[in-house]
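Step one of this worksheet: look at the structure below.
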Amino acid sequence: MDWGSFYMRKRSTYYYDDTPEATELRRLFHKIHRLQLEKKDQVFMVTSSNTGEGKSTIAAYLAIESARYPNNPTLLLDCDLRRPMVHKLFGLKLQNGIADVIEEHKDIGTAWKDTKLPNLKIVTAGAVHRNPVDVFTSKRFTQMIYNLRLYFKTIIVDAPPIIPVTDTLLLSNEVDGILFVVMAGKTPKRVAIRAMELLQDSKKKIMGAVINNLKSVLPYYYDYQYYNYKYINEDALETTK
Ligand SMILES: Nc1ncnc2c1ncn2[C@@H]1O[C@H](COP(=O)(O)OP(=O)(O)OP(=O)(O)O)[C@@H](O)[C@H]1O
Ligand SMILES: [Mg+2]
């Protein structure tokens with residue numbers, strides 16, 4: 001299945017609710033939300049060891065699920081300044097995003113963009129070319145995250161990968177929790193372990209691993225039959241009330 005095309009096919013709701021993938025992501029967000037209630041965590045970074053492992057896709061879906069919770073204003077923040085993707089997934093302009101706010105001393109309130117979900121706002125990576133290391137080590141960036149915490153209950157950060165650049169290590173100082181994406185059948189175990197070691201002091205923030213693309217490795221895992229079975233039971237319960 002081509003995840004990217006969900007956005008294109010059904011822009012009003014972003015993706016089909018009844019797919020096994022959507023169900024898994026909803027479950028994942030329920031877990032995060034429980035931790036949020038216990039620990040008052042707000043800012044969650046989605047990262048992985050290398051490029052193309054599904055970080056942006058998972059961050060986007062998690063943000064959608066989060067925004068669907070009642071009274072849960074959510075922000076999706078594209079912190080992958082080198083390979084920005086969030087604006088493409090949601091059909092937004094790259095301009096007036098993080099790099100622009102930092103460079104041009106703008107108020108963050110002028111930068112978040114609306115989406116079809118009233119509770120979901122997005123800050124894109126921005127079009128100004130700045131060294132991401134300078135951005136993430138600047139006082140203005142720390143201040144920006146501080147301010148965003150006042151406006152949003154949940155902030156999902158789409159981060160760069162850990163191995164090729166140091167950006168993610170710097171970003172990890174600003175977040176409360178880290179979700180580590182592993183692409184089933186692609187991410188070698190030793191590379192994933194090395195990436196987690198590189199997180200150093202922020203290692204304790206790792207909430208868990210998200211195994212992406214399990215379907216291609218374990219085809220029976222996403223068997224629609226099992227999901228349909230569950231739905232049929234729910235329908236039956238509904239009619240016997
Ligand atoms: N489970 C999946 N099944 C099929 N395609 C997937 C899956 N997860 C991601 N993809 C596709 O793989 C490509 C890379 O995904 P994505 O951009 O989310 O990865 P990324 O880790 O953010 O990459 P980058 O490191 O470049 O930022 C996209 O085309 C996306 O649609
Ligand atoms: Mg990405």
Candidate set from the stretch 40-74 (those that are among the polar types (S, T, N, Q) and in a loop (DSSP other than H, G, I, E, B)); member that is farthest from ligand 1 (Cβ to nearest atom): N71
Test V123 against the criterion of being surrounded by 20 or more Cβ atoms within 10 Å (Cβ to Cβ) and at pLDDT 90 or above, and give yes or no. yes
By residue number, the members of the stretch 138-163 that are hydrophobic (A, V, I, L, M, F, W, C) and away from ligand 1 (no atom under 16 Å from the Cβ) are F141, M144, I145, L148, L150, F152, I155
Quick test for you: out of K186, K205, pick the one residue that is basic (K, R), touching an Asp or Glu at 6+ places or on another chain (Cβ under 9 Å) and closer than 15 Å to N50 by Cβ. K186
Check L92, L37, L25 and return the single one that is out of contact with any Leu (no Cβ under 6 Å at 6 or more places or on another chain), of a type in the set (A, V, I, L, M, F, W, C) and either modelled with pLDDT of 90 or more or part of a loop (DSSP other than H, G, I, E, B) (or both). L92
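The values are calculated or read from the model by the stated rules, or taken from the named source; none is laboratory data. Bear in mind that the values here come from a model prediction, so they are computed numbers and not experimental data. With ideal geometry, Cβ positions are generated from the backbone for all residues, glycine too; neighbour counts draw on all protein chains shown.
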